[in-house]
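Participant: Okay, here's the structure, questions in a sec.
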Amino acid sequence: YLSTPADTGITPKPPTTLSETYPGERANATFVTLARNVDVWEIAKSIRQVEDRFNRKFHYDWVFLNDKPFNDEFKKVTTALVSGKTKYGLIPEKHWSFPPHIDQEKAKKAREAMHAKGIIYGDSISYRHMCRFESGFFFQQELLLDYEYYWRVEPSIKLYCDIDYDVFKFMKDNNKKYGFTLSLYEYIETIPTLWDSTKAFMKEHPEHIAKNNAMQFISDDGGEKYNRCHFWSNFEVGDLNFWRGQAYTDYFNKLDKDGGFFYERWGDAPVHSIAASLLLPKDQLHFFNDIGYYHVPFTHCPTSEEDRIKLKCSCEPKKNFDWKGYSCTTRFFDMMGLEKPKGWETQLD
Ligand code: GDP
Ligand code: MN
């Protein structure tokens, strides 16, 4: 028995307007992934998500970075999946090691103390190298020097909605420098003195602090204390030249000198977020509401049903983290003077 659309009451869908390759010019942009060889199958899943929802229409390049050489299997599998060019970079040792001024004894004690407190990655050296690398060096890698914009992708992520426009062109055309999907509070135990270093930097370099910055997003008292809000940096779309500029260079160098990547466990997420909030005018930050996204354990799912239908989202609306108690996205909306989308009240904790 074959029912016709009239029988079911379901309106037939209009043909999709976007056929294959999206017409027009591309931005100077690439995906970028830091990974180990053992991550190959988890990054394969991420690539498939990104290709199916976006890149099969745009064919942007993909740069892979590793502190060890990628093996043939990693290269073969990822190259087969990416519709743009793939490039594989080996991170120079100076970008993945202890700088000479670090006191090894002090760093070791700090790891042991964090481990005893049960803090995630508290005893890990490689995690600290990773955070320092993502904070200060990814944008300096030779393979990235030719590009202007990047989109960071981690293993095991999901994209839930179609992205039928050029995200990188959007950044350029709207003068956006930093885009995010999820925001939340950082564990204080990992960054006890990050704000002290930041305040010292602000004093030393008042010329780098942007007018109309996003201080209100990261502090509730005009900069006295950090409220621990940060953009979740496993997803980032950004302007590489922002990180390469003098303001961020001075900020990173100050943090690196103070040693908190090793004496504490400063994450690249709070570091990037504080920098983007203080060194950029707030209208250069962008919340990608239309990019449905998952990285364990949080989901961003567009709040409005109209958006979810239009974008063919497959996420469960109730899982949307945006308006839950541990998210900072409400603060972002308040700061920007944005109205929360209809239905947000149905997605509280
Ligand atoms: P989490 O998301 O904070 O739990 O950390 P992940 O384990 O996802 O690591 C963050 C990113 O760094 C991911 O893209 C990982 O693939 C990558 N990564 C983490 N540790 C290492 C490492 O030791 N070597 C390399 N090459 N990549 C790493
Ligand atoms: Mn991750």
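Computed from the coordinates by the stated procedures, all read-outs in this text should not be read as laboratory data. What you see is a predicted model, and the numbers here were worked out from it, not measured in a lab. Every residue, glycine among them, receives a Cβ derived from its backbone with ideal geometry; neighbour counts consider all protein chains shown.
Participant: Of Lys169/Lys340; Lys199/Lys257; Lys169/Lys312; Lys158/Lys312, which sit over 18 Å apart, Cα to Cα?
Facilitator: Violating the 18 Å limit, Cα to Cα: Lys169/Lys340; Lys169/Lys312.
Participant: Sum -39500 (n - 2.57) across every DSSP H segment of at least 4 residues in the chain, then divide by the residue count to get the 222 nm mean residue ellipticity, nearest 500.
Facilitator: Calculated at 222 nm, the ellipticity per residue is -10000 deg cm²/dmol.
Participant: Restricting the count to DSSP beta bridges whose residues both fall in the chain, what percent are antiparallel, rounded to a multiple of 5?
Facilitator: Counting DSSP beta bridges with both partners in the chain, the antiparallel share is about 45 percent.
Participant: Over what distance in Å are the Cα centres of segment 38-64 and segment 259-297 separated?
Facilitator: 22
Participant: So, one more: Please list, in chain and number order, the residues 5+ apart from Asp67 or on another chain whose amide H is under 5 Å from its amide H, with Hs placed from the backbone.
Facilitator: Ile91
Participant: Right, here's the next one. Fewest Cβ neighbours within 10 Å first, please rank Met171, Met202 accordingly.
Facilitator: With the fewest neighbours first, Met171, Met202 line up as Met202, Met171.
Participant: So for the chain, Kirkwood radius off the Cα pairs, Stokes-Einstein at 25 °C and 0.890 mPa s: how many µm² s⁻¹?
Facilitator: Estimated via Stokes-Einstein, D reaches 115 µm²/s.
Participant: Excluding same-chain residues fewer than 8 positions from Lys106, which aspartates and glutamates have a Cα within less than 12 Å of its Cα?
Facilitator: Cross-link targets: Glu264.
Participant: Subtracting the Cα-Cα distance from 0.36 nm times the residue separation, let me have the gained length for Glu148 to Lys172 in nm, one decimal.
Facilitator: Extra length from Glu148 to Lys172 when fully extended: 7.7 nm.
Participant: Ok, one more. For Lys254 and Glu305, what is the calculated FRET efficiency with R₀ set at 41 Å and r taken between the beta-carbons, to the nearest 0.05?
Facilitator: Efficiency at R0 = 41 Å is approximately 0.35.
Participant: Moving on to the next point. What is the gain in length, in nm to one decimal, between Gln104 and Asp52 on full extension, counting 0.36 nm per residue of separation less the C-alpha to C-alpha distance?
Facilitator: 14.1 nm
Participant: In addition: Find the centroid of the Cα atoms in segment 125-195 and in segment 298-346, then give the distance between the two in whole Å.
Facilitator: 20
Participant: Explain nothing, just compute: Karplus ³J(HN,Hα) = 6.51 cos²θ - 1.76 cosθ + 1.60, θ = phi - 60°, for every residue of segment 93-101 in order, whole Hz, x for Gly and Pro.
Facilitator: 4, 5, 9, 9, 6, 6, x, x, 7
Participant: Do the alpha carbons of any pairs in Lys310/Lys342; Lys85/Lys172; Lys177/Lys282 sit beyond 18 Å of each other, and which pairs?
Facilitator: Exceeds cut-off: Lys85/Lys172.
Participant: Longest segment of the chain with no trypsin sites (Lys or Arg not before Pro) in a DSSP loop having at most 12 other Cβ atoms within 10 Å?
Facilitator: 226-341
Participant: Could you list Leu338, Leu278 in order of exposure, starting from the residue whose Cβ has the fewest other Cβ atoms within 10 Å?
Facilitator: Leu338, Leu278
Participant: Here's another thing I want to ask about it. Could you please rank Leu145, Leu65, Leu311, placing first whichever residue has the fewest other Cβ atoms within 10 Å of its Cβ?
Facilitator: Going from sparsest to densest Cβ surroundings: Leu145, Leu311, Leu65.
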